[in-house]
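Notes follow the structure.
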Amino acid sequence: MDHREKKPVWVIGHKNPDTDSICAAISYAYFKSQLGDDQTYIPKKAGKLNGESRYVLDRFSVPEPETVTDVSTQLKDLSFRRNAGIDSHYSLKKAWSLMRRLDVVTMPVVTRDGFLEGIISNSDIAYSYMDVIDNRILSRARTQYLNILETLNGTILSGNDHAYFIKGKVVMAAGSEERVRQDIQADDLVIVGNIHDRIQTVLEQNPSCVVITGSSKENIDPDVILMAGAIQCVLIVTEFDSFTTARLINQSMPIRSVMTKDHFISFDLDDRVDDVQEQMSKVRHRDFPVLDQQHRYIGMVSRRNLLDAQKKKIILVDHNEKSQAVDGIEEAEILEIIDHHRLGSLETMQPIYFRNQPLGCTNTIIYYMFQEKEIPIPQKIAGIMLSAILSDTLMFRSPTCTPMDEAAARALAEIADVDIEELAVAMFEAGSDFTGKTPEQIVYTDFKIFYSGEVSFGVSQVSAPTTRQLDSIRDGLSSYLKTVQADKNLDMVFVMLTNILEENSELLYAGNDAERIIQSAFSDQLENRNGRIYLPGVVSRKKQMVPPIIEAIQREE
């Protein structure tokens, strides 16, 4: 990614998204894209679709937004070096030359399939030079003759340059003929000057490779070439003198013989920059490999890259509480908030556009923004916006519903060309199909966490058009609430079983103080029917459930 490229803006609702949250992300992203500000707006969601939301998107043929679980700054948000990896057969000299040309101190070593085999650093290469006192190191490293040719700028006169030097030692053919015969054994690699008799003596010892120094192909006796070919000896000629050849030849070793293969640090694209920075601080390396989701190598990241990280750009819809926001929101750059709930706990680094209206639905706010800018609403967008209003206002039955909500819904119904009551009933039935769902799935379909001082509580709302549907899940949910309380580390948990058509809610709860708080919050409304607590007329979590609970908690303090 080019670091100067404009990052897209994600429009996203709260965790455990409901229909308003999903549809607001889509409709507001579309609205923003029509303003012509040369910015890309992409709707996202912070959790799975519930049955009602899925029905709405399918009915109006609107694509489901991608799920995002964390918006913290990740390695994929950085501009880092994307240089290719090198093969483990590379010679030390070739690797060193490439590192100098790229001005890097570490190179990744990768397979042909792109998987990371190890890393080679300039210190690995330097140590290999300093520590080499073994004249058999080239054969132990299984050095390819092609590497020797490249290192010595040589020319092959006989043999297979793709073969490997796998047995024997490196010998300088110096001194008397007797000394040469004593020093050289079969399969050795011999460095010798262009002296015919001495080369002949060397070849008589049946070496695997002979390097003739200080000469060129044209100056080599053809008989020498024939003799080498007869014994399948690799014959190389180089213009370097014998001293230079002896000094350079160990640089032909493959890097696999000295590279770091184990216990090196690599990072994934999805790793959080804060976590990466912490790990980097514990080691002295300057560059680290980055892997994709298939664990293939894609580039190298350094501490310097972390200093120039780009935060994700976010617009929040249908919430403004940190506890309800996608993970990592404190690391993102929040540009706007469009909401209809009470003011929450989110903080921003700079002033932003924050539109919060006491309406029944976020999509109602967005509808009037379309009107203010005189932007036409496409039929599909109108359909999902209408669905969101019907969902949040329970088809105008909720006390949160305002005349503005109903007016917006009826205008959107005309654009979408749908019958309001038919759509609402179909939506509610799709949302209350609990077949095959676990208590966990049902509770967390529409679950929000709230705080009052140091007291935390969660409220889940499960809605259905008939009592029969709610009766089928009551016992399972009631037994599961203690698990929810423990998993989320909450003081209290409440579940509203809301009958949409009868306009009431049965209340399930868990927590040591939950019953006392409920008695205090709803002393005038609460009805006990055969041991079950009912709240007649209570259908809105936002307006009728949460505020009385918070007031009751505050009275207890």
Enumeration of residues in the stretch 16-60 that are within 26 Å of Ala426 (Cβ to Cβ), open to solvent by 40 Å² or more (accessible area, probe 1.4 Å) and part of a loop (DSSP other than H, G, I, E, B): Asn16, Lys48
Criterion: surrounded by fewer than 16 Cβ atoms within 10 Å (Cβ to Cβ), within 38 Å of the chain's Cα centre (by Cα), within 22 Å of His341 (Cβ to Cβ) and modelled with pLDDT under 95 - qualifying residue of Gly436, Gly431, Gly453: Gly453
Enumeration of residues in the stretch 424-476 that are aliphatic (A, V, I, L, M) and in contact with a strand residue (DSSP E or B) (Cβ under 9 Å, 6 or more places away or on another chain): Ile442, Val443, Ile449, Val455, Val459, Val462, Ala464, Leu470, Ile473
In the stretch 503-534, residue least open to solvent (accessible area, probe 1.4 Å) [restricted to those that are polar (S, T, N, Q) and more than 44 Å from the chain's Cα centre (by Cα)]: Ser520
Filter pass, Lys380 being open to solvent by 10 Å² or more (accessible area, probe 1.4 Å), closer than 23 Å to Ser33 by Cβ, among the charged types (D, E, K, R) and in a loop (DSSP other than H, G, I, E, B): no
Inter-residue pairs, beta-carbon under 7 Å, first without any contact (Cβ under 8 Å) to a residue 12 or more places away in the chain and in the stretch 282-297, second among the hydroxyl-bearing types (Ser, Thr, Tyr), 6+ apart: none
Selected residue (criterion: surrounded by the most Cβ atoms within 10 Å (Cβ to Cβ)) from residues of the stretch 474-502 that are farther than 21 Å from Glu515 by Cβ and either among the hydroxyl-bearing types (Ser, Thr, Tyr) or touching a helix residue (DSSP H, G or I) at 6+ places or on another chain (Cβ under 8 Å) (or both): Ile500
Residue count for the stretch 96-137, restricted to those that are closer than 16 Å to Met300 by Cα, of a type in the set (A, V, I, L, M, F, W, C) and open to solvent by less than 50 Å² (accessible area, probe 1.4 Å): 10
Within the stretch 305-332, tally of residues that are acidic (Asp, Glu), in contact with a helix residue (DSSP H, G or I) (Cβ under 8 Å, 6 or more places away or on another chain) and open to solvent by 10 Å² or more (accessible area, probe 1.4 Å): 2
Counted residues, the stretch 99-144 - those being closer than 14 Å to Thr260 by Cβ and part of a helix (DSSP H, G or I): 7
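Could you identify the single residue in Ser158, Ser176 that is surrounded by fewer than 18 Cβ atoms within 10 Å (Cβ to Cβ) and among the hydroxyl-bearing types (Ser, Thr, Tyr)? Talk me through it step by step, then tell me what you get.
Details: Ser158 fails: surrounded by fewer than 18 Cβ atoms within 10 Å (Cβ to Cβ).
When all the criteria are applied, what remains is Ser176.
The values are calculated or read from the model by the stated rules, or taken from the named source; none is laboratory data. A quick note: this is a predicted structure, and the numbers were derived from the prediction, not measured. Here Cβ is always computed from backbone atoms with ideal geometry, including for glycine, and neighbour counts include all displayed protein chains. Note: areas computed on protein heavy atoms with side chains; ligands, DNA, RNA excluded. Shrake-Rupley method; radii C 1.70, N 1.55, O 1.52, S 1.80 Å.
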